[in-house]
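Asker: Quick one: structure below, then a few questions.
The values are calculated or read from the model by the stated rules, or taken from the named source; none is laboratory data. Every value quoted in this text rests on a predicted model; they were computed, and no experiment measured them. Because the Cβ atoms are built from the backbone with ideal geometry, glycine has one as well, and the counts that use them run over all protein chains shown. Surface accessibility is based on the protein's heavy atoms, side chains included, excluding ligands, DNA and RNA. Shrake-Rupley method; radii C 1.70, N 1.55, O 1.52, S 1.80 Å.
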Amino acid sequence: MVDLGNQYQHIQEEIDTAVLNVIRSTAYINGPEVKKFQESLQEYLGVKHVIPCANGTDALQVSLMALGLKSGDEVISVDFTFAATVEVIGLLNLTPVLVDVDENTFNIDIDALKAAITPKTKAIIPVHLFGQVANMEEVMKVAKEHNLPVVEDTAQAIGAEYTFADGSVKKAGTIGDLGTTSFFPSKNLGGYGDGGAVFTNDDELAHKLRGIVNHGMYRRYYHDEVGVNSRLDSIQAAILNVKLAHLDEYNAARLKAANYYSEAFKNCEKIETPFIAENSTHVFHQYTLKIKGTDRNALAEHMMSKDIPAMIYYPVPLHLQEAYKDERYKEEDFKITNKLIDQVMSLPMHTELDEEQLEFITSSLLEFVNK
Ligand SMILES: *Cc1c(COP(=O)(O)O)cnc(C)c1O
């Protein structure tokens, strides 16, 4: 699905130097590379504050902590996402309220969001799944109307841009009160280990987050609240400094591969290529097809038999997972996710796909579908 080895070879000298410099400096925790990365990412995103942390799951957790949510508060998020989004809600003893997604974008369904709001709702977490920004114009309208904070899970969409009806453009993760991301190696901006960050334009939330990620410490050895230990390593920051300079080029390479796929499949009735939303660019964290009218699982097996990874993201919706199922949920409220889990299939997507590989992947797929 990814080819991190080849990508490394193209930037090997820069990376090796950056990593060695950190080792020699001995500033392994909160070294100058972390500050540099924080500032570079702020500039790239056009956001006032970036708070680096240990991973994308922590980024979500500390965001909910900074909002001061209390046990029993309801947090609305989507049924179709990686579990981390909802895991942190449960971990903090908040009540997850899962809602259905839009059939085309795979992102939060606005009517479902509206219907899920109760007096106990205290936050909304839209997820920009597979690299495309959720319908933030409407999410922000709903949030404003009910005075709810919004935390954008941007783990899969760093660099994507959203255009509002008034023509203004914002980067994914900088629209809501808080945005979170992950630097897991396979993400669009991936380190060589774990990493994450929170984005915000709110000075007070930024201050709070800087304390929470550091044991609730705002002055050294004075702990004003219960925090966590969640830091980005200096070595990871040094690597990310090198890779951030390539992010737009990497996202362009993904788009090029996606366009190749979509062109190859455009006349195939049994395959629906990814929907491109009007208001959002797509950074293709995943290239996800909908397989209709042919056996999706048999097709995935056919691809695997040719050594082509074909992954099902995600095979089980969260409302049916052992950890998150709840009597409150009714199957008819999840019509779309229940359908998507039987249709979706993701193809290899990374920055190093060449034409020969793309040709082999697309012809292998079409060979099965057209037989
Ligand atoms: C990867 C991911 C996360 C978690 O990030 P980690 O760095 O692995 O903790 C959260 N949400 C989504 C949507 C993700 O894809």
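Asker: Between Val62, Val22, Val88, Val78, which is away from the ligand (no atom under 16 Å from the Cβ) and open to solvent by less than 10 Å² (accessible area, probe 1.4 Å)? Walk me through how you get there before you give the answer.
Answerer: Numbers: Val62 fails: away from the ligand (no atom under 16 Å from the Cβ); Val88 fails: away from the ligand (no atom under 16 Å from the Cβ); Val78 fails: away from the ligand (no atom under 16 Å from the Cβ).
The unique qualifying residue is Val22.
Asker: Of everything in region 91-105, what is open to solvent by 40 Å² or more (accessible area, probe 1.4 Å) and within 14 Å of the ligand (Cβ to nearest atom)? Give them in sequence order.
Answerer: Leu91, the sole residue that qualifies.
Asker: While we're looking at this one, here's another question. Within the bounds of region 220-243, is there any residue that is hydroxyl-bearing (Ser, Thr, Tyr), within 12 Å of the ligand (Cβ to nearest atom) and touching a Cys at 6+ places or on another chain (Cβ under 6 Å)? Full working, then the answer.
Answerer: Taking region 220-243 and keeping what is hydroxyl-bearing (Ser, Thr, Tyr), we get 221-222, 230, 234.
Then keep just the ones that are within 12 Å of the ligand (Cβ to nearest atom); that gives 230.
If we keep only those that are touching a Cys at 6+ places or on another chain (Cβ under 6 Å) as well, we get 230.
Yes, because at least one residue in region 220-243 is hydroxyl-bearing (Ser, Thr, Tyr), within 12 Å of the ligand (Cβ to nearest atom) and touching a Cys at 6+ places or on another chain (Cβ under 6 Å).
Asker: Of the conditions (1) within 12 Å of the ligand (Cβ to nearest atom); (2) at pLDDT below 95, Gly56 satisfies every one except a single condition; which number is it?
Answerer: (2)
Asker: Now for a different question. When you go through Thr337, Thr351 one by one, which is the residue that is within 27 Å of Leu255 (Cβ to Cβ), at pLDDT 95 or above, not hydrophobic (A, V, I, L, M, F, W, C) and not in a loop (DSSP other than H, G, I, E, B)? Step through it out loud before you land on a result.
Answerer: Numbers: Thr351 fails: not in a loop (DSSP other than H, G, I, E, B).
Step by step, each of Thr337, Thr351 is checked, and only Thr337 is within 27 Å of Leu255 (Cβ to Cβ), at pLDDT 95 or above, not hydrophobic (A, V, I, L, M, F, W, C) and not in a loop (DSSP other than H, G, I, E, B).
Asker: Are any residues in region 25-68 in a loop (DSSP other than H, G, I, E, B) and either in contact (Cβ under 8 Å) with a residue 60 or more places away in the chain or not hydroxyl-bearing (Ser, Thr, Tyr) (or both), and if so, which ones? Walk me through how you get there before you give the answer.
Answerer: Initial filter on region 25-68 (in a loop (DSSP other than H, G, I, E, B)): 26-28, 30-31, 46-48, 54-55, 67-68.
Passing the criteria: Ala27, Tyr28, Asn30, Gly31, Gly46, Val47, Lys48, Ala54, Asn55, Leu67, Gly68.
Asker: Against the condition open to solvent by 10 Å² or more (accessible area, probe 1.4 Å), more than 16 Å from the ligand (Cβ to nearest atom) and either in contact with an Asp or Glu (Cβ under 8 Å, 6 or more places away or on another chain) or of a type outside the set (Val, Ile, Thr) (or both), how does Ala143 come out, does it pass?
Answerer: Working: open to solvent by 10 Å² or more (accessible area, probe 1.4 Å): no; more than 16 Å from the ligand (Cβ to nearest atom): yes; either in contact with an Asp or Glu (Cβ under 8 Å, 6 or more places away or on another chain) or of a type outside the set (Val, Ile, Thr) (or both): yes.
Judged against the criteria, Ala143 is not a match.
Asker: Follow-up question, since we're still on this one. Tyr192: in a helix (DSSP H, G or I), open to solvent by 10 Å² or more (accessible area, probe 1.4 Å) and at pLDDT 95 or above, yes or no?
Answerer: Details: in a helix (DSSP H, G or I): no; open to solvent by 10 Å² or more (accessible area, probe 1.4 Å): yes; at pLDDT 95 or above: yes.
Considered against the rule, which asks whether it is in a helix (DSSP H, G or I), open to solvent by 10 Å² or more (accessible area, probe 1.4 Å) and at pLDDT 95 or above, Tyr192 comes out as no.
Asker: Next question. With (1) within 18 Å of the chain's Cα centre (by Cα); (2) assigned to a helix (DSSP H, G or I) as the list, and Gly211 as the residue in question, which single condition is left unmet?
Answerer: (1)
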